[in-house]
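The values are calculated or read from the model by the stated rules, or taken from the named source; none is laboratory data. Just so it is clear, the model here is predicted, and its values are computed rather than measured. Cβ atoms come from the backbone with ideal geometry, glycine included; neighbour counts cover every protein chain shown. Just so you know, the surface numbers come from the protein's heavy atoms only, side chains and all, with ligands and any DNA or RNA stripped out. Shrake-Rupley method; radii C 1.70, N 1.55, O 1.52, S 1.80 Å.
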Amino acid sequence: MSANRPTIKTFGCRLNIWESEVMRKQAEAVGLSDVVIVNTCAVTSEAEKQARQAVRKLRRERPDTRIVVTGCAAQIDPDSWSEMPETDHVVGNAEKLTFMPWQQLAEQSLPERQVSDIMERHDVPHHIFDSFDDHTRAFLQIQQGCDHRCTFCIIPFGRGLSRSVPVKTVIESARTLIAAGSVEIVLTGVDITSWGDDLPGRPKLGMLVRQLLDEVPEMARLRLSSLDPAEMDAPLMSCLETEARLMPHLHLSVQHGDDMILKRMKRRHLRRDILRFVSEARRRRSDVVFGADFIVGFPTETDNAHYASLSLIEEADLTHLHVFGYSAREGTPAAQMPQVDKMVIKSRVAEMRAVGDRQRDAHLTRRCGGVDMMLVEKGKTGYLSGFEKAVLPKNLYINAGSLLPVKLEAVQQGVMQVVPLVSTPARRST
């Protein structure tokens, strides 16, 4: 990395990736270089632990560099981060997206802590830029915050209430990214299926997707980040059915397969709702692929409840799993419920990940012999339309960011081996 650029360490979600890019550009605009910005995540206690370890390591490696900690973990508990001797400044989630703290840092006037009450925020900072550092896919924020109160989740207290980015701003941002060379845009936020609830007329996510596809015809691929299955709307399902540029990969915030656990989580769906939704989506689009978040070891989870999650994965044919072992978050209702033994959680996580690996490999095997478009990333790797990871032969050189037609040849260690269907520049791998 150039010595004239700030170092940014990003943890967590795609929204954090977008926000890190905002901070990078703000910091560069005021000439900041010898600074490290750690953009933390608070979705699990393990995520916060990893961020703290990273801060300590960064201080050992760069003892004279200013370290700024921001993100959800810093927003929720700024005192504990300020007390870390390795931390120079703590900046809140609202402040980090403004110009002021980075200007103050350049002028040596930034206070040790600049964190406001995120629940008082009713706006979404608008930032339009044309590229992402180290990413071939372009992330586009359309929403912030969350109005729901799942019993396991602390994130609303780090992000505030749900706020939507206006349609015109989203379209302008997309056009800027596409004009600069991006071929795939990922719509991101904390709870993107709630987009529009605070806008005039309460438009739905499907309307935004439809308008984006219509008004930015040069956009090759549009992808959605995590979706709440309780809020899927008819226009979005129509886009899935009729618009090939909307990628056929839907990542669902499922969390569990047992109805009693879902109720204790205060989720707004039940097991039958997941099955009904995936069935309807497949009826509309045969190549749709589903990812899902699952929490293992939620308080009171029995063996039977755990098996309900395992059977849901297979019955719904969920392919790309994000499996999290439950860890209590102070300040959440679930932390006060009867906890499951940590070793039991560890064993169940391993079992669920093994099921997920089998589901993924079976899906990839079914695809072998077909063709698809691959978005090439660094090295020889990239992603197919269903967000399957793919790798090119070693003797080929393809520019990162290229959209390449490929034949799906074989599966090795959970990765699709592909070959181009067009003539490509070749060279020996070094």
Within straight cross-link reach of K168, meaning Cα distance under 12 Å, which aspartates and glutamates are found once same-chain residues fewer than 8 apart are removed? E215
So which GluC sites (Glu not before Pro) in region 307-376 pass both tests, a DSSP loop state and at most 16 other Cβ atoms within 10 Å of the Cβ? E330
Roughly how many debye, to the nearest 20, is the charge dipole of region 154-297 about its Cα centre, given +1 on each Lys and Arg Cβ, -1 on each Asp and Glu Cβ, and no other charges? 400 debye
The chain: Cys lacking any partner C-beta under 4.7 angstrom: C13, C41, C72, C146, C239, C368
Whose amide H sits under 5 Å from the amide H of Q255, counting only residues 5 or more places off or on another chain, with H placed in the peptide plane? D293, F294, I295
Residues with amide H under 5 Å of A410's amide H, sequence separation 5 or more or different chain, H placed in the peptide plane at 1.01 Å from N; which? Q417
Straight-line reach from K378: which aspartates and glutamates fall under 13 Å, measuring Cα to Cα and dropping same-chain residues less than 8 apart? D133, D134
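Given a 1.4 Å probe, how much area per residue of region 54-164 is accessible, in Å²? Walk me through the numbers on the way to the answer.
Working: 4690 Å² over 111 residues.
Counting only protein heavy atoms, the per-residue value for region 54-164 is 42 Å².
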Sequence-separation-based contact order of the chain, relative, with Cα cut under 8 Å and 6+ spacing, percent: 10 percent
List the trypsin sites (Lys or Arg not before Pro) in region 88-179 that DSSP assigns to loop (not H, G, I, E or B) and whose Cβ has at most 14 other Cβ atoms within 10 Å. Which are they? R149
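Mean separation of Cα pairs under 8 Å and 6+ residues apart, divided by the residue count of region 109-196: what relative contact order is that in percent? Walk me through the intermediate numbers first.
Numbers: 126 pairs, mean separation 35.0, N = 88.
Once normalised by length, the contact order is 40 percent.
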Does the chain come out rounded, prolate or oblate by the C-alpha gyration tensor, with a ≥ b ≥ c the root eigenvalues, rounded set by a/c under 1.5 and, if not, prolate when a/b is larger than b/c and oblate if not? rounded
In nm, spacing of pseudo-spin labels at K346 and D233 (7 Å Cα→C-beta vector): 4.6 nm
Under Karplus coefficients 6.51, -1.76 and 1.60, residue-wise ³J(HN,Hα) of region 220-225 in Hz, glycine/proline x: 6, 9, 10, 10, 10, 7
Search the structure for amide H atoms under 5 Å from the amide H of V38, placed 1.01 Å from N in the peptide plane, and list their residues when 5 or more places away or on another chain. K9, V68, V69, T70
What's log10 of I(q)/I(0) for region 167-215 at q = 0.13, 0.25, 0.27 Å⁻¹, Debye sum over Cα points only, no solvent? -0.31, -1.03, -1.14
Under the classification rounded if a/c is under 1.5, otherwise prolate if a/b is larger than b/c and oblate if not, where does region 100-210 fall, given a ≥ b ≥ c as square roots of the Cα gyration tensor eigenvalues? oblate
With a ≥ b ≥ c taken as the square roots of the eigenvalues of the C-alpha gyration tensor of region 1-131, please select rounded if a/c is under 1.5 and otherwise prolate if a/b is larger than b/c or oblate if it is not? rounded
Which net charge results when you count Lys and Arg as +1 and Asp and Glu as -1 among the other residues whose beta-carbon is under 11 Å from that of T332? +2
Simple spin-label model, 7 Å along Cα-to-Cβ: R282 to N399 in nm? 4.0 nm
Taking the Cα centre of the chain as the origin, how large is its charge dipole in debye, to the nearest 20, when only Lys and Arg (+1) and Asp and Glu (-1) carry charge on their Cβ atoms? 1060 debye
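Over region 216-337, what is the relative contact order in percent, taking alpha-carbon pairs closer than 8 angstrom and at least six residues apart?
26 percent
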With 0.36 nm assigned to each residue of separation and the Cα-Cα distance removed, A179 to M84 gains 29.9 nm
Under 18 Å from the Cα of K49, which lysines turn up, not counting those fewer than eight places away in the same chain? K9, K57, K342, K346
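Could you calculate the contour length gain from V371 to D123, that is, 0.36 nm times the residue separation minus the distance between their Cα atoms, to one decimal place in nm? Please report the intermediate quantities before stating the final value.
Details: separation 248, 0.36 × 248 = 89.28 nm, distance 4.37 nm.
Result: 84.9 nm gained on full extension.
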Net charge around P203, counting only other residues with Cβ within less than 11 Å of its Cβ (Lys, Arg = +1; Asp, Glu = -1)? 0
